[in-house]
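What follows is a single structure, written as structure tokens, with notes after it.
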Amino acid sequence: MIWLSISFFNSNELGDRTVVAMSLLNSMETILVVMEDLPDVCLVLEPILLQVVTFILDKSIMEFYEEAFSLISSLTEKQVSPAMWNVFEGTYR
């Protein structure tokens, strides 16, 4: 993940970076919603978006939970892949 790094979130200057990260997450959601009728594209997007969601959940970055769960909702709207079941299990860790 190019745009996410641990140092990005450990910085004391989270204000602007948080806004930028939220915008990126919202853009990812928009792309996913636009492509939802193209299952082949969604299959390609899922592993990429799962990296982002997993990172947010694993690091407990609560500022991005709304966006992460919105992505999860969109990714599971039509079907639930085995990888998405792992994300579901991860929400209880």
Every pair of residues 6+ apart whose Cβ atoms lie under 9 Å, when the first sits in the range 65-79 and is closer than 12 Å to L49 by Cα and at pLDDT 95 or above while the second is among the aromatic types (F, W, Y) and in a loop (DSSP other than H, G, I, E, B):
none
Which condition from (1) within 27 Å of G15 (Cα to Cα); (2) of a type in the set (A, V, I, L, M); (3) part of a loop (DSSP other than H, G, I, E, B) is the one that L50 breaks?
(3)
Those residues that are assigned to a loop (DSSP other than H, G, I, E, B) and surrounded by fewer than 11 Cβ atoms within 10 Å (Cβ to Cβ), I need them from the range 13-39; list them, please.
E13, D37
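Looking only at residues in the range 46-64 that are free of Cβ contacts under 8 Å to residues at least 24 places away in the same chain and among the hydrophobic types (A, V, I, L, M, F, W, C), which one is farthest from S27 (Cα to Cα)?
Looking at the filtered set, the residue picked out is M62.
The values are calculated or read from the model by the stated rules, or taken from the named source; none is laboratory data. Keep in mind the model is a prediction, meaning the values are calculated, not measured. We place every Cβ from the backbone using ideal geometry, glycine too, and count neighbours over all the protein chains shown.
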